[in-house]
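Participant: This is the structure I have questions about; it appears just below.
Just so it is clear, none of the values below were taken in a lab; they were calculated from the coordinates. Treat the numbers as computed from the prediction; the structure is a model and nothing was measured. Cβ: placed from backbone, ideal geometry, glycine included. Neighbour counts: every protein chain shown.
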2 protein chains.
Amino acid sequence: MLGRRKTKRGIAMHDTRGAQGFGGEALLYLTDEQLRQGIEAMFFAYRGFTADPDRILADQGYGRAHHRAVHFIGRAPGTTVNNLLAILGVTKQSLNRVLRTLIENGLVESRVGTSDKRERHLFLTDRGANLESQLSDAQRARMRAAYREAGPEAVGGFRRVLEAMMDIEMRRAYGKLKEGQQ
Amino acid sequence: MLGRRKTKRGIAMHDTRGAQGFGGEALLYLTDEQLRQGIEAMFFAYRGFTADPDRILADQGYGRAHHRAVHFIGRAPGTTVNNLLAILGVTKQSLNRVLRTLIENGLVESRVGTSDKRERHLFLTDRGANLESQLSDAQRARMRAAYREAGPEAVGGFRRVLEAMMDIEMRRAYGKLKEGQQ
DNA sequence: TTGGAATGTCAACAAGGCTGACATATGCTG
DNA sequence: CAGCATATGTCAGCCTTGTTGACATTCCAA
């Protein structure tokens, strides 16, 4: 179906096969099947990736949207709404709904900008930081376990593929966050 | 904030640092910051991962839920509803809504089981296979590009970390799909 | 002083999760 | 055969989180 079988080679395949090509360029012999497995791995892994935070959030009546906001505010304290909008890639109405509940519930503080008073700078309160660290702890624990299980050499490859999979604009946003933290 | 800085080391860090530990076990020195970057990479990469299919789907009035159904039906033709339910991890009501529109629109065919007539076996029609290959082509193209950019050594690590990040049940489902295709 | 940017908010809508309840076949087992 | 379990479908209603469109406010900058 869909030509998958057509692209299979008649020999035993390993998960990945790399080979040095001609002009010094690294070539990958990637069958459709290998790519499909990568796609499915991404799908299932993302579910695992969000599973722990989802449970914590559900207990407290929040959702993933709240997690994302809390995460990036914790990551870049003082960030503006517009900034957050760009990173999250949602509409301001959508973000605002989430932000409003977080502010009402005392997890996030919104301070009027000092230089430009139109801007709002967002900060986690102690309660917000508390939730953030619960979520982060769970997610980091899973990530750490996965890294350990996959082995030291795997981590670099993992990160490189993920970075290459991002849209260009997101790669910039991601890079900025990385730099901001060291 | 949140103790991130506390865990930083005072020396230059590379993206990953592995070391052979004592009892022969590979140890990873992973700072919170490194783990956080992995988390964010996962977040941004998943966006990229779904971006191309999302555009194609939106054009035709479908969503990600339809994509998932079409993908796994194409992947395991003749699969039962219950089977699909387990893989997708949603309720039957949720799946049914999606499946119903796909059947109505002639993308999926539902055949009564031969041995057990309670079961329905699901297949893509030509139109369904057509959409599936559009979506798959786009997603594989991105995956292939990411693999190429990351280099041959990166691919194995990528896959190993993803597999380790899955929940155990999903790892089994994933394994079955892999085996089913070779 | 005026246009545009940043923000907030209201309303309405859609997708896609969920729960609960119930119906219909069909299979299996005592 | 009777009765329970299983597989599926469906209705209704709810929630979160995305969308668009419209509009108000505040404030910067030319």
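Participant: Please verify whether B:Ile56 is over 15 Å from B:Gln139 (Cβ atoms), in contact (Cβ under 8 Å) with a residue 40 or more places away in the chain and not in a loop (DSSP other than H, G, I, E, B), treating the condition exactly as stated. Step through it out loud before you land on a result.
Facilitator: Values: over 15 Å from B:Gln139 (Cβ atoms): no; in contact (Cβ under 8 Å) with a residue 40 or more places away in the chain: yes; not in a loop (DSSP other than H, G, I, E, B): yes.
For B:Ile56, the condition - over 15 Å from B:Gln139 (Cβ atoms), in contact (Cβ under 8 Å) with a residue 40 or more places away in the chain and not in a loop (DSSP other than H, G, I, E, B) - is not met.
Participant: Is there any pair linking a residue in the stretch A:170-182 that is more than 10 Å from every other protein chain (Cβ to nearest Cβ) to one that is in a loop (DSSP other than H, G, I, E, B) and surrounded by 13 or more Cβ atoms within 10 Å (Cβ to Cβ), with Cβ under 7 Å and at least six apart or on different chains, and which?
Facilitator: Qualifying pairs under 7 Å: A:Gly180/A:Ala76.
Participant: Suppose we keep only residues that are more than 14 Å from every other protein chain (Cβ to nearest Cβ) and part of a helix (DSSP H, G or I) within the stretch B:86-97. Which one would you say is farthest from DNA strand C (Cβ to nearest atom)?
Facilitator: Start the filter on the stretch B:86-97 by keeping residues that are more than 14 Å from every other protein chain (Cβ to nearest Cβ), which leaves B:91-97.
Going one step further and asking which of them are part of a helix (DSSP H, G or I), we end up with B:92-97.
Values: B:Lys92: 8, B:Gln93: 4, B:Ser94: 4, B:Leu95: 7, B:Asn96: 9, B:Arg97: 7 Å.
Here the answer is B:Asn96.
Participant: Does the stretch A:70-85 contain any residue that is part of a helix (DSSP H, G or I), more than 13 Å from chain B (Cβ to nearest Cβ) and more than 13 Å from DNA strand C (Cβ to nearest atom)? Step through it out loud before you land on a result.
Facilitator: If we filter the stretch A:70-85 for residues that are part of a helix (DSSP H, G or I), which is where we start, we get A:70-75, A:81-85.
After this cut, where a residue has to be more than 13 Å from chain B (Cβ to nearest Cβ) as well, the list is A:81-85.
Checking which are more than 13 Å from DNA strand C (Cβ to nearest atom) leaves us with none.
Among the residues of the stretch A:70-85, not one is part of a helix (DSSP H, G or I), more than 13 Å from chain B (Cβ to nearest Cβ) and more than 13 Å from DNA strand C (Cβ to nearest atom), which makes the answer no.
Participant: Name the pairs whose Cβ atoms lie under 6 Å apart, with the first residue in the stretch A:91-113 and hydrophobic (A, V, I, L, M, F, W, C), the second near DNA strand C (Cβ under 8 Å from one of its atoms), and 6 or more positions between them or separate chains?
Facilitator: Note: pairs meeting the criteria are A:Leu95/A:Leu85; A:Ile103/A:Ser110.
Participant: Would you confirm whether or not the stretch B:114-128 contains a residue that is without any contact (Cβ under 8 Å) to a residue 60 or more places away in the chain, facing chain A (nearest Cβ under 8 Å) and crowded, with 21+ Cβ neighbours inside 10 Å? Reasoning before the result, please.
Facilitator: Of the residues in the stretch B:114-128, the ones without any contact (Cβ under 8 Å) to a residue 60 or more places away in the chain are B:114-128.
Adding the requirement that they be facing chain A (nearest Cβ under 8 Å) leaves B:124.
Remaining after also requiring crowded, with 21+ Cβ neighbours inside 10 Å: B:124.
There is at least one residue in the stretch B:114-128 that is without any contact (Cβ under 8 Å) to a residue 60 or more places away in the chain, facing chain A (nearest Cβ under 8 Å) and crowded, with 21+ Cβ neighbours inside 10 Å.
Participant: Turning to a different aspect of this structure: Determine which member of the set B:Glu132, B:Glu153, B:Glu149 is touching a His at 6+ places or on another chain (Cβ under 8 Å) and within 9 Å of chain A (Cβ to nearest Cβ).
Facilitator: Details: B:Glu153 fails: touching a His at 6+ places or on another chain (Cβ under 8 Å); B:Glu149 fails: touching a His at 6+ places or on another chain (Cβ under 8 Å).
Checking each option against the conditions leaves just B:Glu132.
Participant: Could you check how many residues of the stretch B:98-134 are within 12 Å of DNA strand D (Cβ to nearest atom) and either touching a helix residue (DSSP H, G or I) at 6+ places or on another chain (Cβ under 8 Å) or assigned to a loop (DSSP other than H, G, I, E, B) (or both)? Even if it seems obvious, please write down each step before you answer.
Facilitator: Restricting attention to the stretch B:98-134, the residues satisfying the condition of being within 12 Å of DNA strand D (Cβ to nearest atom) are B:98-104, B:108-113, B:115-122.
In the following step, the residues that additionally are either touching a helix residue (DSSP H, G or I) at 6+ places or on another chain (Cβ under 8 Å) or assigned to a loop (DSSP other than H, G, I, E, B) (or both) were identified as B:98-99, B:101-102, B:108-110, B:113, B:115-120, B:122.
Matching residues across the stretch B:98-134 total 15.
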